[in-house]
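Contents: one structure, followed by commentary.
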Amino acid sequence: MCKSTISTFQLFEMFPDQETARVYLENRLWPNGPRCPVCGLGERITERKDGFYRCNQCKEDFTVRTGTIFERSHVPLHKWFYAMYLLMTARKGISSLQLAKEIGITQKSAWFLLHRLREACGGDFKKLCGIIEIDETYIGGIEANKHEHKKLKAGRGTVGKTAVLGMRERGGRTIATPIESADKETVQSAIHQHVEAGSTLHTDEAGAYAGIGDSGFSHDAVNHSAGEYVRDDVTTNGIESVFAVLKRGLIGVYHHASPKHLGRYVDEFAFRINEGNVKNHTLTRLDSFMDGTAGKRLTYKALIQ
């Protein structure tokens, strides 16, 4: 076995069927034995057949899928695991059409499955610290490429696009999130939410960052308009490389992400970057992915409404 990854053939050997996948997931989510997702207790649990359990405290039947992104899915767990593997190891993601072909389900089911996986990618609320590179980008269609009836005809640049704020810890994690506006108040509020006080911020010269150094941070900026991109160790090249991968994936693989669902796509790319270090074995990354599935059920109705 490779020191940093496993092949699809090895993955199929590990999880050849639904049962092996179920046992693996139970051991991961329930390291101390089954726990009822309703009352949270694990003392009065009776094991039934086919992976079902009965909580004698609240009289509820449940499985390891209950209360997770897998709940009420008709897709077998070992196919879910393969989908997780594909999404995690693909540099720029995998389309629902391609995933449908890979695991033998409909494109509609694959689209829903992928959004549930993206739901598991979000929710890391640990703040960044140290040197943080911060920048914003805009996601949306190119005006010249739109059908005539969809053109906004309101100018170029950021018109009709959604702003995404990215924060990358030097040598650490990345947090990216869509924001309503790239104005000073919104941007600095997001920075205070996700970055520990006392950290050093590296940004460009945009007005949204003006005065951020007076609110508990050390602040250095590079002047892009003057052709400055690196000054000593001050740069935003790291977070800009994140945006480069994000846009290549959205344009080349997904083609379009509506503002409604953009947050989940951004979470997917951030998760893949954070968990994509080659020093981390693929199985370690897969375990991290599985840990994020608990408590994040997403229904089709909630997704499309």
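The values are calculated or read from the model by the stated rules, or taken from the named source; none is laboratory data. Fair warning: this is a prediction, and the values are worked out from it, not measured in the lab. Cβ atoms come from the backbone with ideal geometry, glycine included; neighbour counts cover every protein chain shown.
Total residues in the range 216-235 satisfying the condition of being among the β-branched types (Val, Ile, Thr), surrounded by 15 or more Cβ atoms within 10 Å (Cβ to Cβ) and either in a strand (DSSP E or B) or modelled with pLDDT under 95 (or both): the figure is 2.
Let's see how each residue does on (1) closer than 30 Å to HIS74 by Cβ; (2) of a type in the set (Phe, Trp, Tyr); (3) buried (at least 20 other Cβ atoms within 10 Å of the Cβ):
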| residue | (1), (2), (3) |
| --- | --- |
| ALA244 | no, no, no |
| SER258 | yes, no, no |
| GLY263 | yes, no, no |
| ALA270 | yes, no, yes |
| THR293 | yes, no, yes |
| LEU298 | yes, no, no |
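Taken together, GLY141, GLY93 contain a single residue that is at positive phi and among the small types (Gly, Ala, Ser), which is GLY93.
Within the range 137-160, can one find any residue that is out of contact with any Phe, Trp or Tyr (no Cβ under 8 Å at 6 or more places or on another chain), of a type in the set (Val, Ile, Thr) and not assigned by TED's automatic domain parsing to the domain that holds GLY213? There is no residue in the range 137-160 that is out of contact with any Phe, Trp or Tyr (no Cβ under 8 Å at 6 or more places or on another chain), of a type in the set (Val, Ile, Thr) and not assigned by TED's automatic domain parsing to the domain that holds GLY213.
Filtering the range 288-302 to residues that are in contact with a helix residue (DSSP H, G or I) (Cβ under 6 Å, 6 or more places away or on another chain) and either charged (D, E, K, R) or more than 28 Å from PRO34 (Cα to Cα) (or both) leaves only LYS296.
Right, PHE62: on the phi < 0 side of the Ramachandran plot, outside the structural domain of ALA100 (by TED's automatic domain parsing) and at pLDDT 95 or above or not? Steps first, please.
Numbers: on the phi < 0 side of the Ramachandran plot: yes; outside the structural domain of ALA100 (by TED's automatic domain parsing): yes; at pLDDT 95 or above: yes.
So PHE62 passes the test.
Looking at the range 92-104, can you tell me whether even one residue there is crowded, with 18+ Cβ neighbours inside 10 Å, of a type outside the set (Phe, Trp, Tyr), in the same structural domain as ILE239 (by TED's automatic domain parsing) and within 29 Å of SER288 (Cβ to Cβ)? No, because not a single residue in the range 92-104 is crowded, with 18+ Cβ neighbours inside 10 Å, of a type outside the set (Phe, Trp, Tyr), in the same structural domain as ILE239 (by TED's automatic domain parsing) and within 29 Å of SER288 (Cβ to Cβ). Among residues belonging to the range 274-289 that are surrounded by fewer than 19 Cβ atoms within 10 Å (Cβ to Cβ) and of a type in the set (A, V, I, L, M, F, W, C), point out the one that is farthest from SER241 (Cα to Cα). Top of the filtered list is LEU283.
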